[in-house]
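K.L.:
Here it is, the structure, as structure tokens.
The values are calculated or read from the model by the stated rules, or taken from the named source; none is laboratory data. These numbers come from a predicted model, not from an experiment. As a convention, Cβ positions derive from the backbone with ideal geometry for all residues, glycine included, and neighbour counts pool all protein chains shown.
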Amino acid sequence: MNILQINTSDSKGGAAKNVYRFKKRLEELGHSTSIFVGYKFSNDKNVFLINPKNVILEIGSKLIKRNLTGYIRRKISFYRGNDIDFFNIDNLFNSPEYKKADIVHFRNLHGDYFNLNALKKISTEKPIVWTLHDLWAITGHCAHPFDCEKWKIECQNCPYLNTYPAVLWDNTQYLWNKKRAIYNNSKLNIVANSLWTKERAEKSILKNQNIRLIYNGIDDEVFKPYNKKEVRQKLSFPSDKKIILFSAIGGKKNPFKGWQFIEKTLEHYKNDKGILFLSIGGKKEGQFNNIRYIKYIDDDSLLAKYYSVADIFLYPSLADTFGLVVAESLACGTPVITFNTGGIPELVFHKKNGYIAKYKDFDDLINGIEYIFGLNETEIKEMSKNCVKKIKENFTLDKMTEEYLKLYKEILNFS
């Protein structure tokens, strides 16, 4: 089978990780695969830019060591209040990969690179699968609408214009209606990455499409528990401290991940000599007071060892359809403390393999930390086993791949 995937990038973010890991697994099974992206970071010869190159922006990016292409595109979309109408994706249509593809599998189409009008054309030429990694597809502009439910009827008078992907002015009514018109003239097979996402898709402008649930999966041969004592010694962590891991990717700039609650937790425990915080994914490196900083880790095997170092993974997400890092942590036997957010409770069972705090309730988040730190050795081992068991039952890369291949075959048999 020849599968072509389309995503914002090939390595940055949870959706990109999911796409690229899936690509590698498909190749291992003998399938031909390619990815078309707005922004390429890998050296993979089967990953292609979907937009024509701008030589001037490429030279400028190298000179100032910044992604000028992404910066300029984001500004254009922001000021126009429109991220769906204006991008040239001729590289896709002119490519032999597109012409040979049996299935075109869309992932995140936001990120200022894709022309959504192309859905109509592509759906007449190729079977389409579209995995929803957030709710951008069903809203007037935002990836996560929080408590706003205007997307069910018609977006307008948007309360979250600054939410990613931000727009300068309220063009959400046009964008919502344009998306609806495109979908009504396209044949799409929608995949929700959680039951929570599926329930929302079924109440949205995608409700007339074929919608099914396929959970994200992670490689449980890579993300697995390591002996805590041994891995702490190897990575130079103390054996006599409780370690709380958190992700610093995006930091304060990412409104979805609850950074303010990380900061409050750091302040709460700043004088506790028995606790060490481990921050992964930020720009800092080294240790300051009771916080160890590690920069972004590309190596999944090494990342699994850092999950195994920790006693807790603290993830106070405020908007999430699934939570890939939650699955990674659980697969390594490390319980997760999180809020009752989106699809996360489909992975984390309260007091079984982690702790689900009341949404935005900081005191309850601290209750979760204290609860897990208060468990005895036998209870901790049982919770760790529950973490791994949950992933192996429902959220492995093999299971996800099997479900997608089953869907592809169903679609092709009906085409």
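K.L.:
Output the residue which, of all residues in the stretch 128-165 that are touching a His at 6+ places or on another chain (Cβ under 6 Å) and not in a loop (DSSP other than H, G, I, E, B), is nearest to Asp85 (Cα to Cα).
P.N.:
Step by step, filter the stretch 128-165, then rank; the result is Trp136.
K.L.:
If we keep just the residues of the stretch 23-53 that are basic (Lys, Arg) and within 22 Å of Tyr404 (Cα to Cα), which is surrounded by the fewest Cβ atoms within 10 Å (Cβ to Cβ)?
P.N.:
Restricting to residues being basic (Lys, Arg) and within 22 Å of Tyr404 (Cα to Cα), the top hit is Lys24.
K.L.:
Any residue in the stretch 102-127 that is among the aliphatic types (A, V, I, L, M) and part of a loop (DSSP other than H, G, I, E, B) sitting within a Cβ distance under 6 Å of a residue that is surrounded by fewer than 19 Cβ atoms within 10 Å (Cβ to Cβ) and at pLDDT 95 or above? List the pairs, counting only those 6 or more apart or interchain.
P.N.:
Pairs that qualify, where the first residue is among the aliphatic types (A, V, I, L, M) and part of a loop (DSSP other than H, G, I, E, B) and the partner is surrounded by fewer than 19 Cβ atoms within 10 Å (Cβ to Cβ) and at pLDDT 95 or above, are Leu116/Ile182.
K.L.:
A further question on this structure: Please note which helices (runs of 4 or more DSSP H) are completely contained in the stretch 314-405 and include at least 1 residues that are under 30 Å from Thr33 (Cα atoms).
P.N.:
Answer list for the stretch 314-405: 324-331, 377-394.
K.L.:
Also, I was wondering about something else. Evaluate the following for Ile84: is it assigned to a helix (DSSP H, G or I), of a type in the set (A, V, I, L, M) and more than 29 Å from Ile218 (Cβ to Cβ)?
P.N.:
Judged against the criteria, Ile84 is not a match.
K.L.:
Which members of the stretch 265-316 meet the condition of being basic (Lys, Arg) and touching a helix residue (DSSP H, G or I) at 6+ places or on another chain (Cβ under 9 Å)?
P.N.:
Lys283, Lys305
K.L.:
Criterion first (within 27 Å of Gly258 (Cα to Cα) and either touching a Phe, Trp or Tyr at 6+ places or on another chain (Cβ under 7 Å) or among the acidic types (Asp, Glu) (or both)) does Asn157 satisfy it?
P.N.:
no
K.L.:
Which numbered condition trips up Gly274, out of (1) touching a residue at least 40 places away in the same chain (Cβ under 8 Å); (2) more than 21 Å from Val348 (Cα to Cα); (3) surrounded by fewer than 18 Cβ atoms within 10 Å (Cβ to Cβ)?
P.N.:
That leaves (1) as the condition not met.
K.L.:
For the stretch 21-56, which residues satisfy the criterion of being in contact (Cβ under 8 Å) with a residue 12 or more places away in the chain, in a helix (DSSP H, G or I) and either within 14 Å of Gly70 (Cα to Cα) or out of contact with any strand residue (DSSP E or B) (no Cβ under 7 Å at 6 or more places or on another chain) (or both)?
P.N.:
Arg21, Phe22, Arg25
K.L.:
Testing Asp298 on (1) assigned to a strand (DSSP E or B); (2) farther than 19 Å from Gly374 by Cα, one condition comes back false. Which one is that?
P.N.:
Answer for Asp298: the failing condition is (1).
K.L.:
Also: Anything in the stretch 191-245 that is among the small types (Gly, Ala, Ser) and buried (at least 20 other Cβ atoms within 10 Å of the Cβ)? List them, or say none.
P.N.:
Matches in the stretch 191-245: Ala192, Ser194, Ala201, Ser204, Gly217.
K.L.:
Take the residues of the stretch 113-137 that are surrounded by fewer than 22 Cβ atoms within 10 Å (Cβ to Cβ) and among the small types (Gly, Ala, Ser): which is farthest from Asn189 (Cα to Cα)?
P.N.:
This residue is Ala118.
K.L.:
Residue by residue through the stretch 250-271, note down the ones that are touching a Gly at 6+ places or on another chain (Cβ under 7 Å) and either modelled with pLDDT of 90 or more or buried (at least 17 other Cβ atoms within 10 Å of the Cβ) (or both).
P.N.:
Lys257, Trp259
K.L.:
For the stretch 23-40, how many residues meet the condition of being modelled with pLDDT of 95 or more and either of a type in the set (Phe, Trp, Tyr) or not assigned by TED's automatic domain parsing to the domain that holds Pro52 (or both)?
P.N.:
Matching residues across the stretch 23-40 total 1.
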